[in-house]
Amino acid sequence: MKYRLGEICDVVSGGTPSRATAEFWDGGTIPWIKIGNIQRKYVDEADEYITQAGLEGSSAKMLSAGTILFTIFATLGEVGILTIEACTNQAIAGITIKNQSDILTDYLYYFLKSQKSCIAALGRGVAQNNINLSILRNFEVPIPDLPMQKQIVAILDKTAKVVEVRQQQLQQLDELVKARFVELFGDGNHPHIALIDLIIEGAGLSYGIVQPGDDGTGDMGVLRPVDMVDGKISTASIKYIDRSIGDGFKKTELYGDELLITVRGTTGITALTDIRFNGMNVTRGIAVVRYDRNKINPVYLNAYLNTDESQRYIQEHTRGATLQQINLSDLRVQQIMVPPLALQEQMAAFIEQTDKSKSVVQKALDEAQLLFDSLMQQYFG
């Protein structure tokens, strides 16, 4: 049987008390949930709080524990189950089941989670995607009998837990690298040298191809910021152009022994190239760093550029209202901590060993995620 969501649930949207009214916020004790707080299945904390006056003086509504939260503005289709009493902003709908004997909260959570791509396709808006509550209320929900719901929830919970454990293992390995970095270099008693002085003499620091044109059938691959994912270069959707377009940008043609750093959009993402990328080039959104191996170990340099200190510098020098970017002049003078090469290589060996462990965990995570996705497809179509 299928029922419209509005038939089986009460669906309401949140609200934001006026920021100009201090009594709505100062000393608040009522959790006020935003999209960023919906990270996992269960939502149990907020980073902002409103007062009782803020609740009563605005369109905010108190939601009870067990309410399903569903994002309807900007980032669409994120889902969580509230485990505390809280209010939400207007970007989040609160969904409360009318009769708990008919449908399990956890079952409805997984159904709504399975609909994210569908919700995204229904989104409207010029600046920000959104869906109105009437669309949400008209969603048709398949409702099997309770024993089947419980079975589906149990299987999905178990699979989701495996995914979560693998994600935590990856995070722990990243934290291990950071801890090792602090252990070796945390005292800061090493010289700092401008990035430009760690580059091969005469190589400079350059932007890539300004206008690479449409993806064609050429033989020159062009790496874009979107190809840099989690510190690696993805080869899944590399853009190819005619090599004649890249002839005017020889300074950024790759040999497979460079460090790339994004300088437009999301700045500060880095990745190291290898022989697979020999003969390729990059777009305007990426700067090519041709490091001098006699001065800096590339694995160490890549790790340093991802430290909190380095990322803070990059973000502080990122400018632009419509398009965020950092100027090469600011990157050239960025100070890099340069310990003796022996220490750099010790850190690099630790990172490379950790990366091997991460590869094993990542493969297990991909397999678990694939299983979870296939189960969601099987149960909800």
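The values are calculated or read from the model by the stated rules, or taken from the named source; none is laboratory data. All values derive from a computational prediction rather than experimental measurement. Counting neighbours? That spans all protein chains shown, and the Cβs are built from the backbone with ideal geometry, glycine included.
Look at (1) in contact (Cβ under 8 Å) with a residue 40 or more places away in the chain; (2) crowded, with 17+ Cβ neighbours inside 10 Å and you find that H190 fails only one, number (2).
For K239, indicate whether it is under 25 Å from the mean Cα position of the chain (by Cα) and either farther than 16 Å from N302 by Cβ or of a type in the set (D, E) (or both). It is true that K239 is under 25 Å from the mean Cα position of the chain (by Cα) and either farther than 16 Å from N302 by Cβ or of a type in the set (D, E) (or both).
Selection of segment 98-113 for residues being farther than 16 Å from V43 by Cα and surrounded by 19 or more Cβ atoms within 10 Å (Cβ to Cβ) yields I103, Y107, F111. Being more than 18 Å from L170 (Cβ to Cβ) and among the charged types (D, E, K, R) is true for just one of E367, E352, E345. Which residue is that? After ruling out the rest, the residue left standing is E345. Taking segment 99-189 as the region of interest, the helices (runs of 4 or more DSSP H) fully inside it that hold 1 or more residues being in the same structural domain as F380 (by TED's automatic domain parsing) and of a type in the set (D, E) are 146-185.
Among the numbered conditions (1) touching a residue at least 24 places away in the same chain (Cβ under 8 Å); (2) within 31 Å of the chain's Cα centre (by Cα); (3) surrounded by 15 or more Cβ atoms within 10 Å (Cβ to Cβ), the only one that V210 does not meet is (3). Can you name the residue in segment 92-118 that is polar (S, T, N, Q) and out of contact with any strand residue (DSSP E or B) (no Cβ under 7 Å at 6 or more places or on another chain) and, of all such residues, is modelled with the highest pLDDT? Among them, the one singled out is S114.
Set side by side, the residues A53, A20, A60, A65 differ, and just one is part of a loop (DSSP other than H, G, I, E, B), of a type in the set (A, V, I, L, M) and more than 26 Å from Q100 (Cα to Cα), which is A20.
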